[in-house]
Amino acid sequence: MPFIVVLVLAALALAASAAFFSVYGLAQVFAGAFVSVVIMGISLEAGKLVAASFLYRFWTKITMGLKVYLMAAVLVLMCITSMGISGYLTSAYQTDTVGLRDASSKLTSYTEELDRLVARKADMDHQISQLPPQYVAARQKLMKSFQSEYKTMNPRIEFLQGEKSKLQEQKITTEAKVGPIIFISRVLGSETDDAIFWLVILIVCVFDPLAVALTIAANIAIADRKTQKAQLITTEPTATDSTATFDNVINAA
């Protein structure tokens, strides 16, 4: 009996988790009718488990047409649940990585602009330093020609340096969140998106199918226990049978 309880609880936990991820994922797809989709999803998930249990319990008593329809309905609902779970997981991944990609893109752009401005400033300083000290007028003229560019360049360089530091910190923080995925992708020698794709596929392949399988297993275990109880009841001698046997022995004596 304790194992049956564990089996039922495991089936309910898996089914509830799969239903939550699936319903939430589908609701995000049809965000305009969030409440309606949630109600529909919960009803379909409950109907799927009831249909699977009904098929096992009444397999020999229902027509072939009903069998085919219910099996097809359960399989289709399993696919829908799997798609909802996939949507939920990939959405969570995208939420974490969008910030990382945005930070990486901005960091690259700011770094290129900063390098270009620093190189330009170094070039202007080099041009000024190349003039001999006695060429005071030429030096002043060249410095004056660079004056307006200097005024706009220096604040921009300071701004880019500050933003670059912030983006680097943001990138490190975001990478810490998706660190396991980055590690898995490096181990597999593939891109992060590819690693996430196969990880989601593996989860989907065992999540809802296992919930349905455990639901059927719970029905089998409960039915088997009922059968064992019935057999024990029929094999136990009753008080009347015991008395009758005792009387037969006395008479025979």
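Annotations
- Of all the numbered requirements in (1) open to solvent by 50 Å² or more (accessible area, probe 1.4 Å); (2) in contact (Cβ under 8 Å) with a residue 24 or more places away in the chain; (3) among the aliphatic types (A, V, I, L, M), Ala15 misses one, and that requirement is (1).
- Close pairs from region 80-92: first at negative phi and surrounded by fewer than 19 Cβ atoms within 10 Å (Cβ to Cβ), partner among the charged types (D, E, K, R) and outside any helix (DSSP H, G or I), Cβ under 7 Å, at least 6 apart: none
- Unmet requirement for Ala33, which otherwise passes all of (1) at pLDDT below 85; (2) surrounded by 12 or more Cβ atoms within 10 Å (Cβ to Cβ); (3) small (Gly, Ala, Ser): (2)
- Residue list for region 148-173, restricted to those being open to solvent by 90 Å² or more (accessible area, probe 1.4 Å) and over 20 Å from Glu113 (Cα atoms): Ile172
- With a requirement of 2 or more residues that are open to solvent by 80 Å² or more (accessible area, probe 1.4 Å), under 30 Å from Phe3 (Cα atoms) and modelled with pLDDT under 75, the helices (runs of 4 or more DSSP H) lying completely within region 174-253 that satisfy it span 192-235.
- Put simply, of Ser91, Ser53, Ser82, Ser86 the only residue that is touching an Asp or Glu at 6+ places or on another chain (Cβ under 8 Å) and closer than 30 Å to Asp208 by Cβ is Ser82.
The values are calculated or read from the model by the stated rules, or taken from the named source; none is laboratory data. Keep in mind that what you see is a predicted model, and the values were worked out from it rather than measured. Positions of Cβ are generated from backbone atoms using ideal geometry, with glycine treated the same way; all protein chains shown enter the neighbour counts. What goes into the accessible areas is simple: the full protein's heavy atoms, side chains included, and nothing from ligands, DNA or RNA. Shrake-Rupley method; radii C 1.70, N 1.55, O 1.52, S 1.80 Å.
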